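Asks: Here it is, the structure, as structure tokens.
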Amino acid sequence: MTRAAVPGLPSRYPIGDLLPALYADDDLAQRFTAGLDTVLAPVLSTLDNLPAYVDPALAPADFLPWLASWVGVEADPAWPVELRRAVVAHAVELHRWRGTRRGLVERLRLVCGVHAEVRDGGGATWSAEPGTALPPPPTGELLVRVWPVRAGDGADLVDAVDAVDAHRVLEVAAASCPAHLTCRVEVLPGPPEETGD
């Protein structure tokens, strides 16, 4: 939508009303300023509503990519508008935790609507005790186990698990995966401690 050509948008501050009284009855002056009002009305309306334009919850949908560029986040245009708004609103918090398990878990919850457990196969460890055994060889794999936010019973559980988009989960996880690891996704019916995995 272009805000420069909103037909019939009235000006809250008509220029003709601001002219000296001498020009109040001058037809040419009033028609000329009415033309300026038509041109300036979208600008004045935008300025009057500027706080709404920079609030992800209130901004027009076509402004969301612009806001996303401000906070350095990619919001897929194929996502629903509500999801894009949430990603833009939480972008700073997500950037704070980028590259960490918590960051990946939060991003998966927000973007894919799933809970997640991340197992890093990089093989890094530390110990405060001298002589501690070395860690096992790294698996070279980042395992992301996800389950639906709302896991029900019976048929509802099957529907909830089927509703998890494993491809989208893999895309989000792979974007956060370190370059030296491969990424694998498992979709579970519920939290790992409840499913025995």
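The values are calculated or read from the model by the stated rules, or taken from the named source; none is laboratory data. Predicted model only: the values in this text are computed from it and were never measured. For neighbour counting, all protein chains shown are included, and Cβ atoms are generated from backbone atoms with ideal geometry for every residue, glycine included. Surface accessibility is based on the protein's heavy atoms, side chains included, excluding ligands, DNA and RNA. Shrake-Rupley method; radii C 1.70, N 1.55, O 1.52, S 1.80 Å.
Asks: Which numbered condition trips up VAL39, out of (1) part of a loop (DSSP other than H, G, I, E, B); (2) over 22 Å from ARG85 (Cα atoms)?
Replies: (1)
Asks: From the list ASP17, ASP26, which residue is open to solvent by 90 Å² or more (accessible area, probe 1.4 Å), over 30 Å from ALA173 (Cβ atoms) and free of Cβ contacts under 8 Å to residues at least 60 places away in the same chain? Full working, then the answer.
Replies: Numbers: ASP26 fails: open to solvent by 90 Å² or more (accessible area, probe 1.4 Å).
That would be ASP17, the only listed residue that is open to solvent by 90 Å² or more (accessible area, probe 1.4 Å), over 30 Å from ALA173 (Cβ atoms) and free of Cβ contacts under 8 Å to residues at least 60 places away in the same chain.
Asks: Further, regarding this structure: Within region 73-84, identify whether any single residue is open to solvent by less than 50 Å² (accessible area, probe 1.4 Å), over 29 Å from the mean Cα position of the chain (by Cα) and not hydrophobic (A, V, I, L, M, F, W, C), and answer yes or no. Walk me through it before giving the result.
Replies: Within region 73-84, the subset open to solvent by less than 50 Å² (accessible area, probe 1.4 Å) is 73, 75, 79, 81, 83-84.
With over 29 Å from the mean Cα position of the chain (by Cα) added as a condition, the list becomes none.
No, every residue in region 73-84 fails to be open to solvent by less than 50 Å² (accessible area, probe 1.4 Å), over 29 Å from the mean Cα position of the chain (by Cα) and not hydrophobic (A, V, I, L, M, F, W, C).
Asks: Against the definition (modelled with pLDDT of 90 or more, open to solvent by 70 Å² or more (accessible area, probe 1.4 Å) and of a type in the set (Lys, Arg)), how does ARG119 come out, yes or no?
Replies: Numbers: modelled with pLDDT of 90 or more: no; open to solvent by 70 Å² or more (accessible area, probe 1.4 Å): yes; of a type in the set (Lys, Arg): yes.
Answer is no for this residue.
Asks: Out of everything in region 165-190 that is modelled with pLDDT under 85 and of a type in the set (A, V, I, L, M, F, W, C), what residue ends up being surrounded by the fewest Cβ atoms within 10 Å (Cβ to Cβ)?
Replies: ALA179
One line per residue, one yes/no per condition, for (1) in contact (Cβ under 8 Å) with a residue 60 or more places away in the chain; (2) in a helix (DSSP H, G or I); (3) open to solvent by 90 Å² or more (accessible area, probe 1.4 Å); (4) farther than 20 Å from SER69 by Cα:
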site	(1), (2), (3), (4)
GLU93	no, yes, no, no
GLY103	yes, yes, no, no
ARG107	yes, yes, no, no
ALA128	no, no, no, yes
PRO136	no, no, yes, yes
THR139	no, no, yes, yes
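Asks: Check off (1) closer than 30 Å to VAL71 by Cα; (2) open to solvent by 50 Å² or more (accessible area, probe 1.4 Å); (3) touching a Pro at 6+ places or on another chain (Cβ under 8 Å) for ALA41 and give me the number that stays unchecked.
Replies: Evaluating ALA41 over (1) closer than 30 Å to VAL71 by Cα; (2) open to solvent by 50 Å² or more (accessible area, probe 1.4 Å); (3) touching a Pro at 6+ places or on another chain (Cβ under 8 Å) leaves (2) as the failure.
Asks: Then there's this: Take the residues in region 29-38 that are under 16 Å from PRO10 (Cβ atoms) and among the aliphatic types (A, V, I, L, M), then tell me which one is most open to solvent (accessible area, probe 1.4 Å).
Replies: Within region 29-38, the match that is most open to solvent (accessible area, probe 1.4 Å) is LEU36.
Asks: Hey, among GLU129, GLU117, GLU106, which residue is touching a Leu at 6+ places or on another chain (Cβ under 8 Å) and of a type in the set (D, E, K, R)?
Replies: Numbers: GLU129 fails: touching a Leu at 6+ places or on another chain (Cβ under 8 Å); GLU117 fails: touching a Leu at 6+ places or on another chain (Cβ under 8 Å).
Exactly one of GLU129, GLU117, GLU106 is touching a Leu at 6+ places or on another chain (Cβ under 8 Å) and of a type in the set (D, E, K, R), namely GLU106.
Asks: Exactly one of these conditions fails for LEU9: (1) aliphatic (A, V, I, L, M); (2) closer than 30 Å to VAL92 by Cα; (3) part of a loop (DSSP other than H, G, I, E, B). Give me its number.
Replies: Every listed condition holds for LEU9 apart from (2).
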